[in-house]
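In what follows, a structure is listed as structure tokens, so that the remarks can point back to it.
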Amino acid sequence: EQLANQIAAGEVVERPSSVVKELVENAVDAGSSTIDIVIEEGGLSLIRVTDNGSGIDGDDIETAFYRHATSKIASSKDLFRIASLGFRGEALPSIAAVAKVTCISAPDNGGLGRRLVIEGGTIAANEETNAPQGTDVSVRELFYNTPARLKYMKTIQTEIGHIADYVNRLALAHPGIAFTLKHNGSTLLRTLGSGDRLQTFAAIYGSATAKAMLPVEGEHPDYELRGCISKPEQTRSNRNGITIVVNGRYIKSFVLNQAMMQAYHTLLPINRFPLAVLELGMHPSLLDVNVHPSKMEVRFSKEAELREFVEDAIRRALGKQRHIPGP
Ligand code: ADP
Ligand code: MG
């Protein structure tokens, strides 16, 4: 079992940002309105995620760290219709297999919760404690018992770069959640959680950039699209400014990147890419997220149709701006 956890850990926990991803997604799934993330030394000494979500029942807290103990699949049929971010029940046990984890969690029951300590997969403590509603997971000394993995880590700057990039995108995906991200005591991100996507965008890219974005909107029997894109003159030399969110999940999609580039077509010089946030909603049966454990890639069942829909919506957004009379 411990070995199985360490093997699974290799899939789920590649680097500190993978831990952040899994913990933050759990916090989102728990319906939190604030999520605070504290990182020390690029995540290798500490990753702490505190949320004010549903919390974990005292009776369930140990179980949450067993493999395949997910509360998010009611029946196997549901695997094809996954709306929440997590669904494999592999994250917590995988993390606990390769780090020292403390999880304090309390459901809505008047300030009483439990504190669970797991080191290298072994439970060291499970005791009652006072705690506000929500969950607070601290992951210390990541990879302390897997030195081979530790050797692969890049510089602290690289690791925090991956973490910040992920948190920024999740914040863009969830403008209704107030996020903070701190690294070695300095604040890298603070969003208000007002629900206003442009405000979140401004917190990440600056308010001047946010003001110059064009709104994107699209309706279709199968899909819904909202978001914003930059004007052709405000572009970047790489694709990193493109954030695609499907049903609340930040994903990477070659197909949707292509749809976007096709819409910009003659408007962009070679090797220039727009800044964009595209939020797509669709029935969960129209996508397969179960492609890779990191769940970053998805497959769309009506790919060509979706591609055309997105391209059209972006064309319309770009077309409108060309008709705005100059000053
Ligand atoms: P999954 O997210 O795939 O269900 P995880 O290993 O990430 O699996 O989490 C296991 C279970 O622990 C979840 O299904 C959920 O019930 C519980 N859990 C984990 N994190 C939180 C959290 N922040 N708030 C509430 N419940 C949580
Ligand atoms: Mg999860």
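Read-outs throughout are calculated quantities, based only on the coordinates presented, and are distinct from any laboratory measurement. No experiment lies behind these values; they were computed from the predicted model shown. In this analysis, Cβ positions are derived from the backbone assuming ideal geometry, glycine residues included, and neighbour counts consider all displayed protein chains.
Under a 5 Å amide H cut-off, with hydrogens placed 1.01 Å from N, Glu90 pairs with His68 among residues at least 5 apart or on other chains. Each stretch of four or more DSSP H residues adds -39500 (n - 2.57); spread over every residue of the chain, this sum gives -9500 deg cm²/dmol at 222 nm. Evaluating 6.51 cos²θ - 1.76 cosθ + 1.60 at θ = phi - 60° for every residue in the range 122-137, the Karplus couplings come out as 9, 6, 9, 7, 8, 9, 6, 8, 7, 7, x, 4, x, 9, 9, 10 Hz, glycine and proline recorded as x.
Looking at the range 213-252, the GluC sites (Glu not before Pro) that sit in a DSSP loop and have at most 16 other Cβ atoms within 10 Å of their own Cβ are Glu233. On C-alpha positions alone, give me the angle between the axis of helix 2-12 and the longest principal axis of the chain, in degrees, nearest 10. The angle comes out at about 20 degrees. Relative to the dominant Cα principal axis of the chain, helix 254-264 is inclined by about 30°.
Placing a label point 7 Å from the Cα of Arg190 along the Cα-to-Cβ direction, the residues of the range 159-183 with a backbone N closer than 16 Å are 178-183. The H on the amide N of Val246, modeled in the peptide plane, is under 5 Å from the matching H of Ile251, Leu280, each at least 5 residues off or on a different chain. Listed from fewest to most Cβ neighbours within 10 Å, the set His265, His220 follows the order His265, His220.
What's the angle, to the nearest 10 degrees (0 to 90), between helix 303-322's Cα axis and the longest principal axis of the chain? In the chain, helix 303-322 runs at an angle near 60 degrees to the longest axis.
Evaluated at q = 0.16 Å⁻¹, the base-10 log of the normalised Debye intensity for the chain, with identical point scatterers placed on the Cα atoms, takes the values -1.39. Ordering Arg149, Arg249 by the number of other Cβ atoms within 10 Å of each residue's own Cβ, fewest first, gives Arg149, Arg249. A simple rule links phi to the HN-Hα coupling: the Karplus curve 6.51 cos²θ - 1.76 cosθ + 1.60 with θ = phi - 60°, which for the range 198-213 gives 5, 5, 5, 4, 5, 5, 9, 9, x, 6, 5, 4, 4, 5, 8, 6 Hz, with x for Gly and Pro.
Of all DSSP beta bridges located in the chain, what percent are antiparallel, nearest 5? The antiparallel proportion sits near 85 percent.
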